[in-house]
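The values are calculated or read from the model by the stated rules, or taken from the named source; none is laboratory data. Source: prediction; values computed, not measured. Virtual Cβ from ideal backbone geometry, glycine too; neighbours counted across all protein chains shown. Only protein heavy atoms, including side chains, enter the accessible area calculation; ligands, DNA and RNA are left aside. Shrake-Rupley method; radii C 1.70, N 1.55, O 1.52, S 1.80 Å.
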Amino acid sequence: MDAYVYIAGPDDDRCAALFDLVSGIGFTGVSSFRGIAQVSEQIARNPICFILCSSVADPRQLRATAAAVRFCDQPSVRFSPLIYLTEHPSIETTMACANMGFDDVVALPQSRAQLRERLEHQVGEMKVYYEASGYFGPDRRRNTVSRRDGADVRQGGPFRRFELIRDARSGISVMREEMGPADAAVATLQDRAPLRGVTEAWPPRISGLAGLVSVRELPAS
């Protein structure tokens, strides 16, 4: 696959095993994630960079990495595939990752062929993203299950909806961008980090969108 991969996670056996697994899939390159600056630089050479997070004891450990990607000022980084791989998947883990803007949660173990097929779904297919107060990431309606962890879940507020396609050669193409009212798909948690790279006045705009990702309307059906 003509894309680059960054592996994020503690320097432990699980991270090393994921590094070995991904290295045999056929990506352009695989490196350890050391910060968002390296992703921004790599995107100039490989328009699609995957950020794969290795398994951790508590999903809250992923917040810093997820926020660095999803609230990055560079749109081509913000729309990057962000995926968590774990040997212990659960509804709670899936919900936590969804609320941090992850694209997918992959249960391990996986063969190289299985993982490659799973990751390939992130490229060349239409994806729907939402931007709302404190949230930027994929449509979360598929993960709407009841929460009982004591977190304050607030619904409402305006949002922006994006339809986009990732292409390994041309990068991120935002095919359609819409603004809408309150919607259950963009319910946000009170403890979420504030959005950065977005203007304060509504409607919010991603800073530097023009020239970093292509924006075009879908043809009329």
Among G150, G124, the single one that is at pLDDT 50 or above, on the phi > 0 side of the Ramachandran plot, surrounded by fewer than 17 Cβ atoms within 10 Å (Cβ to Cβ) and not in a strand (DSSP E or B) is G124
Conditions (1) modelled with pLDDT under 95; (2) of a type outside the set (S, T, Y); (3) more than 28 Å from S23 (Cβ to Cβ) -> P89 fails only (3)
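Results for (1) hydrophobic (A, V, I, L, M, F, W, C); (2) within 15 Å of the chain's Cα centre (by Cα); (3) closer than 24 Å to A17 by Cα, shown as yes or no for each residue.
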position: L52; (1), (2), (3): yes, yes, yes
position: R60; (1), (2), (3): no, no, yes
position: D73; (1), (2), (3): no, yes, no
position: A96; (1), (2), (3): yes, yes, yes
position: F102; (1), (2), (3): yes, yes, yes
position: S111; (1), (2), (3): no, no, yes
By residue number, the members of segment 8-24 that are surrounded by fewer than 16 Cβ atoms within 10 Å (Cβ to Cβ), over 16 Å from L62 (Cα atoms) and of a type outside the set (G, A, S) are D13, D20
When segment 11-36 is checked residue by residue, the ones that are assigned to a loop (DSSP other than H, G, I, E, B) and either of a type in the set (V, I, T) or under 19 Å from the mean Cα position of the chain (by Cα) (or both) are I25, F27, T28, F33, R34, G35
S32 vs (1) under 17 Å from P89 (Cα atoms); (2) open to solvent by less than 50 Å² (accessible area, probe 1.4 Å): all pass except (1)
With criteria (1) at pLDDT below 95; (2) crowded, with 20+ Cβ neighbours inside 10 Å, G137 comes up short on (1)
message = For segment 57-73, check the following and say yes or no: at least one residue is touching a residue at least 40 places away in the same chain (Cβ under 8 Å) and closer than 22 Å to Q114 by Cβ.
response = no
Of the listed residues (V69, V39, V77, V106), the one being outside any strand (DSSP E or B), β-branched (V, I, T) and over 12 Å from the mean Cα position of the chain (by Cα) is V39
